[in-house]
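Structure, as structure tokens:
The values are calculated or read from the model by the stated rules, or taken from the named source; none is laboratory data. Only a predicted model underlies this, so the values are computations on that prediction, with no experimental measurement involved. Backbone-built Cβ (ideal geometry, glycine too); neighbour counts: all protein chains shown.
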Amino acid sequence: MKISIPPYVHSWPAPAVLVGCGTVAKPNLITIAWFGTVCSEPPHITISVRPSRFSFDLIKLSGEFTVNIPTVEQLNAVKLCGEKSGRHIDKFKELGWTPRLCPPLVAAPMVEECFLSLGCKVKHILPLGTHHSFISEVVCVYIEESLIRHQRRPDPKPESQLVWLDTKYWQLNKLDK
């Protein structure tokens, strides 16, 4: 028998991504697990960020950001970007990573070391409580050339992606052939 418990949102996996914001000259990264698709045509995603986070104002002011897909091999970087504030350290420098322009975006950097990057322009900011949701159009996708499949679609490397569930990181595994 099921019983009622207080509402809670951490009972299902969420992708763990690195959001690039700021500029290439003064870049910042934040780990986000509250990321998802909200429309396929035109392509839109959403990320949710607390207004107290350093990245919040960077995204709000520029109206753009990148979503960079890390791999399980980059777990320590994902943890660092989620635990340290860009107010105090340059995360790109700390990681030895390369911020790159992400045209047609004019400011927000993508991460050269991540295999897939989405360039996003903010369309709506929705205050929800502890977090604000940035509903954004995906205006470009950059991927390692070797990972292009048929019809110019990326190989998402699902077995290498990270998810966040109940305060821990997990790896995806394929269930069928």
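A few notes on this one:
- Hey, LYS93 within 15 Å of PRO27 (Cα to Cα), surrounded by 14 or more Cβ atoms within 10 Å (Cβ to Cβ) and charged (D, E, K, R) or not: no
- Of the residues PRO7, PRO13, PRO43, the single one that is out of contact with any Lys or Arg (no Cβ under 6 Å at 6 or more places or on another chain), of a type outside the set (Asp, Glu), modelled with pLDDT under 95 and surrounded by 13 or more Cβ atoms within 10 Å (Cβ to Cβ) is PRO13.
- Residue, nearest to the chain's Cα centre (by Cα), within the range 16-26, restricted to residues that are part of a loop (DSSP other than H, G, I, E, B) and surrounded by 12 or more Cβ atoms within 10 Å (Cβ to Cβ): ALA16
- Of all residues in the range 102-138, those satisfying the criterion of being outside any strand (DSSP E or B), crowded, with 16+ Cβ neighbours inside 10 Å and not charged (D, E, K, R) are CYS102, LEU105, ALA107, ALA108, PRO109, CYS114, PHE115, HIS131.
- Candidates LYS84, LYS79, LYS123, LYS93 - the one that is closer than 15 Å to ALA16 by Cβ and of a type in the set (Lys, Arg): LYS79
- Close contacts from the range 54-72, counting a first residue that is closer than 15 Å to LEU118 by Cβ and a second that is of a type in the set (S, T, N, Q) and crowded, with 17+ Cβ neighbours inside 10 Å, with Cβ to Cβ under 6 Å and a gap of 6+ residues or different chains, come to THR66/SER117; ASN68/SER117.
- Within this structure, LEU29 fails the test of being among the hydrophobic types (A, V, I, L, M, F, W, C), outside any strand (DSSP E or B) and touching a Ser or Thr at 6+ places or on another chain (Cβ under 9 Å).
- Extreme residue, surrounded by the most Cβ atoms within 10 Å (Cβ to Cβ), among residues of the range 51-76 that are hydrophobic (A, V, I, L, M, F, W, C) and more than 22 Å from PHE134 (Cβ to Cβ): VAL72
- Within the range 91-101, the set of residues being in a loop (DSSP other than H, G, I, E, B) and under 23 Å from GLY63 (Cβ atoms) comprises just one member, LEU101.
- Looking only at the range 162-176, residues that are closer than 18 Å to ASN68 by Cβ and surrounded by 14 or more Cβ atoms within 10 Å (Cβ to Cβ) come to 5 in all.
- GLU159 meets each of the listed conditions (1) surrounded by fewer than 16 Cβ atoms within 10 Å (Cβ to Cβ); (2) touching a helix residue (DSSP H, G or I) at 6+ places or on another chain (Cβ under 9 Å); (3) in a loop (DSSP other than H, G, I, E, B) apart from (3).
- Of the residues making up the range 139-156, those that are loosely packed, with under 15 Cβ neighbours inside 10 Å and either outside any strand (DSSP E or B) or among the small types (Gly, Ala, Ser) (or both) are GLU144, GLU145, SER146, LEU147, ARG149, HIS150, GLN151, ARG152, ARG153, ASP155.
- Taking every residue in the range 139-164 that is over 20 Å from GLY36 (Cβ atoms) and pairing it with any residue that is in a helix (DSSP H, G or I), at least 6 positions away or on another chain, the pairs with Cβ-Cβ distances below 7 Å are ASP155/LEU147.
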